[in-house]
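The values are calculated or read from the model by the stated rules, or taken from the named source; none is laboratory data. Note that the structure is predicted; figures quoted are calculated from it, not measured. No Cβ is skipped: glycine too gets one built from the backbone with ideal geometry, and neighbour counts run over all protein chains shown. These accessible areas exclude ligands, DNA and RNA; they are computed on the full protein's heavy atoms, side chains included. Shrake-Rupley method; radii C 1.70, N 1.55, O 1.52, S 1.80 Å.
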Amino acid sequence: MSDKKEESSVKRLKRDEHDETDLDVKEFIEWCNKMTMFIDFNKVKITRNSTSHHFGMIAVADINKDEILAKIPKKSILEPNTTDIKELLMKSI
């Protein structure tokens, strides 16, 4: 066994790496702000890079155990009663 620490294979993003040129990400962040979400952009960033879904959250700084990175108000959660599908559901009752 070696006493040397293994180097992490995880790519560390720089704080100045942003997706502001990505209009979808920019509009999503604007929507988050409008919905009064809290996102700690000193610790994470929203991106489409390196994610398997449409958007992802990637660490840009060390994150402490139990640290809050985002707070999402209930009104912001996408579910039938907070989207346009609510009208369709009401018609079917």
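Numbers at a glance
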| quantity | calculated |
| --- | --- |
| Whole-Hz couplings from phi, Karplus 6.51/-1.76/1.60, listed for the range 79-86; x for Gly and Pro | 8, x, 7, 10, 10, 5, 5, 4 |
| Gain in span if fully extended, ASN49 to LYS65, counting 0.36 nm per residue against the direct Cα distance | 3.3 nm |
| Shape of the range 33-81, Cα gyration tensor, a/c cut at 1.5 | oblate |
| For a label point 7 Å along the Cα-to-beta-carbon line of MET37, residues of the range 56-72 with backbone N under 15 Å | 56-59, 69-72 |
| Heavy-atom accessible area per residue - the range 38-88, 1.4 Å, Å² | 75 Å² |
| Computed magnitude of the charge dipole of the range 39-93 (debye, nearest 20; Cβ of K, R +1, Cβ of D, E -1) | 120 debye |
| Which listed pairs, of LYS26/LYS86; LYS26/LYS74; LYS34/LYS71, have C-alpha distances above 25 Å, in listed order | LYS26/LYS86 |
